[in-house]
Amino acid sequence: MKKKNRFMIIVFLTPALIMFFAIFIYPIIRTLIMSAYNVPHVTADVSTWTFVGIDNFKKLLSVNLFRTSLWNLLRIWLFGGLGVMSIALLFAVIINSGIRFRSFFKAVIYMPNIVSAVALATMWLQYVFNNRFGLFTTFFQKVGWETMANIAWLSPEMKFTSLLIAYSFGMVGYHMLIFSSGIERIPKEMYEASTIDGASKPRQFTTITWPLIKGVLKTNIIMWSISSVGFFVWSQLFSTVTADQQTITPMVYLYLQTFGAGNTITERNAGLGAAVGVLLTIFVVVVFIVTNFVIKNDDLEY
Amino acid sequence: MKKLLSVIALMLVCVFLFAACGDSTQTTSDPVKTEDKKTEATDAPAVEEAKTIVYWSMWEPTEKQGIVIQKAVDAYMADTGNVVDVQFKGRTGQREGLQPALDGGMVIDLFDEDVDRVNGTWSAYLMDLEALSAANDYEATGNDALIAASRDAAGGTLMSIPYQPFVFAFAYNKDIFTEAGVTSSPKTWDEFLDACAKIKAAGYAPLTCDDAYMTAWYGYALARFVGQDGVTDVVTNGKWAEEPAVLKMAQQYEELATLGYISENLPSNVWPMGQNGEFALGEVGMYINGTWLPNEVNAIAGPDFKWGFFNYPAVPDGVDGVEAANFGAQCLAINKDSLVSEEAFEIIKYITKGEFDTMLANESMGIPVDSANAEWPVQLAEAKVVFENLTKRYSWAANAEANVDMTPLLKENFIKLCAGQMTAQEFVDAMEAGS
């Protein structure tokens, strides 16, 4: 019986394992190896690769533009993360506090996630941030707040902030849903008991909700880190044709090195692109380890 | 028995797995049966000898160029009975996907993209077209300048056939020029300043641009002083402070900004806000761009918009004048391994000659490449004059984007310079510090 089971396990696992190795393990190993070579283009024959050791990494760290892209990534991750997590948690708590039309509000907040990023970015760029007839400009003009009405949202000084606002707007719903699923699992009896004991809503949050959703918070931080590291589409949409100091991220830099930049034929080095990929992977792993270290698993959490 | 069944099941799973991952391409030289292919050639001759030509196009199927190309291909299929598998990849799809596909052994007989990319980046995959061109007497009605540019980009041999050409120049609103009293388009920097002053006095912003084209604008401005090689030297070797022309050119733009000749909206113009907004709506006099601009903004500008074009003016002590410009084309190339090269070249002729060349020019407000089609769309009448006076070709942005690590910084600082947020010296210092 045991032998038969082992055979069936092999039968059913083999295709999955082959696919896993072909789709995940092989590209990871190939990327790692590529990062030590100068590779003319992403599918170049191995015979055309030139071994450069850690030179790709050295070069990356010496290039101002790549350092700028890392700084942008850090800002997106930290400031965007704080904003998105705070608002998402607030919405999740409100939605689970017994308000009417709970499902409706949940759907509305989540809605930006089902709209294409291209459509969303176009809305923000051409309408909301438009400094001639845009939403912000006309709104602040109407309320008489001239300083805000005169902000050129898409100028080099404000472009990063505008990008962050637009991106975060679309991400709140996703993380709210994850928080919400954690809060929903907390037994209602706890809240009922604390209400009877006279605990206010803020007190319930700090003593019941927050301690019991630490695992969910950890998940959210890691998910946010992964999506931040992959920040690409929004950056491209906010700076078409040529990259931009304020919106460039490591993924965009990787793309420029791997596929070339804009309309000019520039030198490509897929090895440098691979090195960017390796650095980003290290970033996510570090965040994962630090998050696990800082947010300890408790015996009781949801 | 059960063990046997399990082994068979495992083998089947593996067979399906590898079949799904396998190469789905086919040899194009093989005759194909018409019933297996999507073809409109219902009454085509010699059905059993039909060949398949795979064509990867850089256009989208819904844009005007894509629609006309599909019509040309349909006409080819109806006339010959051959099958053309056109795959519209779009710009990004083509740039990202073509080379890996060719490296992976996919059969792609015909493809297109920008003249420099086709002849530079993809040079290893190109078939020499000299013999096919001669056999078809192609150049008898070809555009000499563009074919020369194509040869030049490939190191002297004709490896691709140009179509959908463009010239990068100042597009202007003729009504604004007339109202301001600018009677002829500027050819020198002084004439340019004079035109700007009159347009400003008439109540319009003389100049605007979008962020996407700021480095192209910069390339032109500097190339007039030092030529394309000089621009390449500055951006790739970081000679921002060492090359005096960088400061001189920046001083010109500091002056334009100080005099209020550049739209105050420029720093916020994320493409296509400037071209679709203030320029197409008739609020700004000039916008530097390719001759594809009328096609892109026609729906907003409307049929009454009177288009004019002039080349970037000559500057004092500059090495280049209005005889030099960035012009180019998209190019059709045949895979060197193609087994249907003659058929592919025939498709090129359908697209770039006669009826469909005219249709392509008219539908996309573009420039025809068949010299027999002398009429250019009315919107490009002045672009034709610019084009005919050219003797020197710049690459895109006169190579100002040649250093991928500097382009974003150049873009940002040039925007700030044009917006009056930076002096000429601060511009030079910022570029030098960033290089």
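Throughout, read-outs are computed from the coordinates displayed, never taken from laboratory work. Everything numeric here is computed off the predicted structure, so don't read it as measured data. Note: ideal-geometry Cβ built from the backbone for every residue, glycine included; neighbour counts use all protein chains shown.
Per residue of chain B, what 222 nm ellipticity follows from adding -39500 (n - 2.57) for every DSSP H run with n ≥ 4, rounded to the nearest 500? Spell out each step's value before the answer.
Details: 15 runs with 188 residues, N = 435.
So the calculated ellipticity at 222 nm is -13500 deg cm²/dmol.
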Karplus couplings for the range A:92-108 from phi (6.51 cos²θ - 1.76 cosθ + 1.60, θ = phi - 60°), rounded to Hz, Gly and Pro as x? 5, 5, 4, 5, 9, 9, x, 6, 6, 6, 4, 5, 4, 4, 4, 5, 5
Let me know the mean shielding of B:267-278 by other chains, meaning the per-residue number of their Cβ atoms within 10 Å of its Cβ. 5
Report, in debye and to the nearest 20, how large the dipole of chain A comes out about its Cα centre when Lys and Arg carry +1 and Asp and Glu carry -1 on their Cβ. 640
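Is there a simple number for the mean count of other chain Cβ atoms within 10 Å of the Cβ of residues in B:209-217, and what is it?
Working: counts 0, 2, 10, 7, 3, 2, 5, 5, 0.
Neighbouring Cβ atoms belonging to other protein chains average 4 per residue here.
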What does the charge dipole of the protein assembly as shown about its Cα centre add up to, to the nearest 20 debye, if the Cβ of each Lys and Arg holds +1 and the Cβ of each Asp and Glu holds -1? 4300
Violations at 30 Å Cα threshold for listed pairs A:LYS106/A:LYS201; B:LYS187/B:LYS349; B:LYS306/B:LYS353; A:LYS59/B:LYS239; A:LYS59/B:LYS89 -> B:LYS187/B:LYS349; A:LYS59/B:LYS89
Phi to ³J(HN,Hα) by Karplus 6.51 cos²θ - 1.76 cosθ + 1.60 over the range A:211-226, Hz, x for Gly, Pro: x, 8, 10, 4, x, 5, 4, 4, 4, 4, 5, 5, 4, 5, 5, 5
Per DSSP helix of 4 or more residues, -39500 (n - 2.57); summed, then divided by the residues of chain A. What does that give at 222 nm, rounded to the nearest 500? -19000 deg cm²/dmol
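Plugging the Kirkwood radius over Cα pairs into Stokes-Einstein for chain B, at a temperature of 37 °C and a viscosity of 0.692 mPa s, what D comes out in µm²/s?
Details: Rh = 23.8 Å.
Reported coefficient: 138 µm²/s.
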Could you work out the mean count of beta carbons from other protein chains within 10 Å of each residue's beta carbon in A:151-158? 6
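Using the Cα gyration tensor of the protein assembly as shown, with a ≥ b ≥ c the square roots of its eigenvalues, what is the shape: rounded (a/c below 1.5), prolate (a/b larger than b/c) or oblate (neither)? Spell out each step's value before the answer.
Values: a/c = 1.88, a/b = 1.19, b/c = 1.58.
Because a/c hits 1.5 or more and a/b fails to exceed b/c, the protein assembly as shown counts as oblate.
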Treating every alpha carbon of the range B:69-165 as one equal point scatterer without solvent, the Debye formula yields log10 I(q)/I(0) values at q = 0.23, 0.25 Å⁻¹ of -1.38, -1.40
When only Cα pairs under 8 Å and 6 or more residues apart are kept, what is the percent relative contact order across chain B? 23
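Starting from the Cα-Cα distance between A:ILE25 and A:ARG185, subtract it from 0.36 nm times their residue separation and give me the gain in nm to one decimal.
Details: separation 160, 0.36 × 160 = 57.60 nm, distance 3.56 nm.
Working it through step by step, the gained length comes to 54.0 nm.
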Towards the positive end of the charge dipole of the range A:150-285, with charges on Cβ (+1 Lys, Arg; -1 Asp, Glu), say which of A:SER239, A:ILE165, A:SER181 has the farthest Cα. A:SER181
Out of A:TYR37, A:TYR167, A:TYR26, a Gaussian network model of chain A with alpha-carbon springs under 10 Å gives the largest mean-square fluctuation to A:TYR26
Round to the nearest 10 and give me the degree value, 0 to 90, for the angle of helix B:90-103's Cα axis relative to the longest principal axis of chain B. 50
Going by alpha carbons, how many degrees (0 to 90, nearest 10) lie between the helix axis of B:354-363 and the longest principal axis of chain B? 50
Mean separation of Cα contacts under 8 Å (at least 6 apart) over the residue count of the range A:184-302, i.e. the relative contact order in percent, is 32
To the nearest 10 degrees, the tilt of helix B:407-418 (Cα long axis) against the first principal axis of the alpha carbons of chain B is 30
By the C-alpha gyration tensor axes a ≥ b ≥ c (rounded if a/c is under 1.5, else prolate when a/b exceeds b/c, else oblate), the shape of the range B:333-405 is oblate
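Which whole-number percentage describes the relative contact order of the range A:32-96, with Cα contacts under 8 Å and a sequence gap of 6 or more?
On the way: 27 pairs, mean separation 13.6, N = 65.
Reported as a whole number, the value is 21 percent.
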Of B:GLY321, B:TYR213, A:TRP153, which is farthest towards the positive pole of the protein assembly as shown's charge dipole, taken about the Cα centre with +1 and -1 on the beta-carbons of Lys, Arg and Asp, Glu respectively? A:TRP153
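Could you quote the convex hull projected area for chain A, Cα atoms only and averaged over all directions, in nm²? Present the calculation step by step, with values, prior to reporting the outcome.
Details: hull surface 95.2 nm².
Average projection, Cα convex hull of chain A: 23.8 nm².
Rounded to the nearest 5, what % of DSSP beta bridges with both residues in the protein assembly as shown are antiparallel?
Percentage antiparallel, nearest 5: 60.
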Could you sort the peptides B:267-275, A:100-108 by per-residue average Cβ neighbour count (10 Å cutoff), highest mean leading? B:267-275, A:100-108
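Could you sort the peptides A:209-216, B:133-140 by per-residue average Cβ neighbour count (10 Å cutoff), highest mean leading? Before the final figure, lay out each step's value.
Details: A:209-216: 17.9, B:133-140: 13.2.
Result, highest mean Cβ count within 10 Å first: A:209-216, B:133-140.
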Ranked by GNM mean-square fluctuation in chain B (Cα springs under 10 Å), the top entry among B:ALA197, B:ALA397, B:ALA101 is B:ALA101
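Need one number: % antiparallel among DSSP beta bridges in chain B, to the nearest 5. Let's see the in-between values first.
On the way: 20 of 36 bridges.
The answer is about 55 percent antiparallel.
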